[in-house]
Every structure is written in C-alpha cells, then in structure tokens.
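Read-outs: derived from the displayed coordinates by stated rules, not from any lab. Keep in mind that this is a model prediction, so the values were computed, not measured. With ideal geometry, Cβ positions are generated from the backbone for all residues, glycine too; neighbour counts draw on all protein chains shown.
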Amino acid sequence: MMSASLMERRKKNRAPLQLELGVSYGLPRKGLPAPASFKRWASATLTNRVRKADLAIRLVDEREGKALNHHYRGKSSATNVLSFPAELPEGVKLPVLGDIVLCAPVVAREAKAQGKTLHAHYAHLTVHGVLHLLGLDHDDPREAEAMELLEREILAELGVDDPYQ
C-alpha cells in the first residue's frame, strides 16, 4: 500500500486533466453508479498519465455483454469488463482513448461472491479498463504484477480497499 506521504506528494504534483467522458446505460440505472463516479475513477487513473482524454463507458445487460464478448473475443459468455482502445489513423493526434464496456449483472455477481461492495468493484473495474486503454496488460506474470500494483495505488488514493486481498 502507498504511504500517506507519497500519496500527498502525488496529489501536489498532479497536472490538470481535461477529461471528456460519456457514460451510457443499456439497462435500467437503478443501483448502478452515476456518471460522476465513473468520471472520478477514470480521472484518478489518468491524472499524471495524460493531459487530455476522451473516452466512453457503457453499462450493459447480460445479453449485450455476451454478444460483445463473443464478437470481439470469441467467448461464449459475458465478462465483467471489456476495453476497446481507439484505433486512430496514423498521424491523427486526438485525445480519444477508446471505450469500456461493463456488464452490470456480471459485476454484481462478482462483487457479491467476493464480498465486495458494488461501488468498490465498479471502481476497480473502471480503473482496470482505463489502464487497458492506456496500453497496460496482464498477459504475462510480470505485466500482471505491475498492473495490479498500479491498480492498488490508484484505488488506495480513492479510498477503495485492495481488490486482490
């Protein structure tokens, strides 16, 4: 876990972030985080990593989540989070990072099974998805360890418990 003094230094040295975030709901919003929560979590992930960013987050039901996971990953079930980094033409410099899709029923089941609050699990998966948009991955054990450490640090700054405990 990050020390309090290190967190204070990081907060003081933060560059201002310009974030354009669109949040859409493909299912009823009752019980789901508000756009302001997603913006807070994405901002915490992007601050000191980029100056400008444009991204979209979509919350989906199981049917849409399964269809997307099948189409893009060849998997026959829905998954908690999908990240789609922007593919801009060569030479085009826009702050578009890409899209994140969160499957609400899967997130809810996981949070319950893992004994986490829904809020904390959404925070974690949003941070995780944004890190994927920035190019981080967990394909090999060293990359996974580095990504998890970064997730822990960002979530600690947000007051969210370590998701891997």
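Which residue, chosen from GLY22, LEU55, LEU82, occupies the Cα position most advanced towards the positive end of the dipole of the chain, where the dipole is computed from +1 (Lys, Arg) and -1 (Asp, Glu) charges on Cβ about the Cα centre?
Toward the positive end, the furthest listed residue is GLY22.
So who's got an amide H within less than 5 Å of the one on ALA78, skipping anything under 5 residues away but keeping other chains? H placed 1.01 Å off N, in plane.
The list, which skips near neighbours in sequence, is LYS66.
At 0.36 nm per residue, and after removing the present C-alpha to C-alpha distance, how many nm does the segment from ALA113 to SER37 gain when stretched out fully?
In short, 25.1 nm is gained.
To the nearest 20 Debye, how big is the dipole of the stretch 4-157 about its Cα centre, given +1 on the beta carbon of each Lys and Arg and -1 on that of each Asp and Glu?
640
Return the percentage of antiparallel bridges among DSSP beta bridges fully within the chain, rounded to the nearest 5 %.
25
Using only helices, what value at 222 nm comes out for the chain when you add -39,500 (n - 2.57) per DSSP H run of length 4 or more and divide by the total residues, to the nearest 500 deg cm²/dmol?
My calculation for the chain gives -14500 deg cm²/dmol from helical runs alone.
Please compute the contact order of the stretch 4-157 in relative form: average sequence separation of alpha-carbon pairs under 8 Å and at least six residues apart, divided by the residue count, as a percent.
Averaging sequence separation for qualifying contacts and normalising by length gives 22 percent for the stretch 4-157.
In Å and on Cα atoms, what radius of gyration and Dmax does the chain show?
Answer for the chain, Rg first and Dmax second: 15.7, 46 Å.
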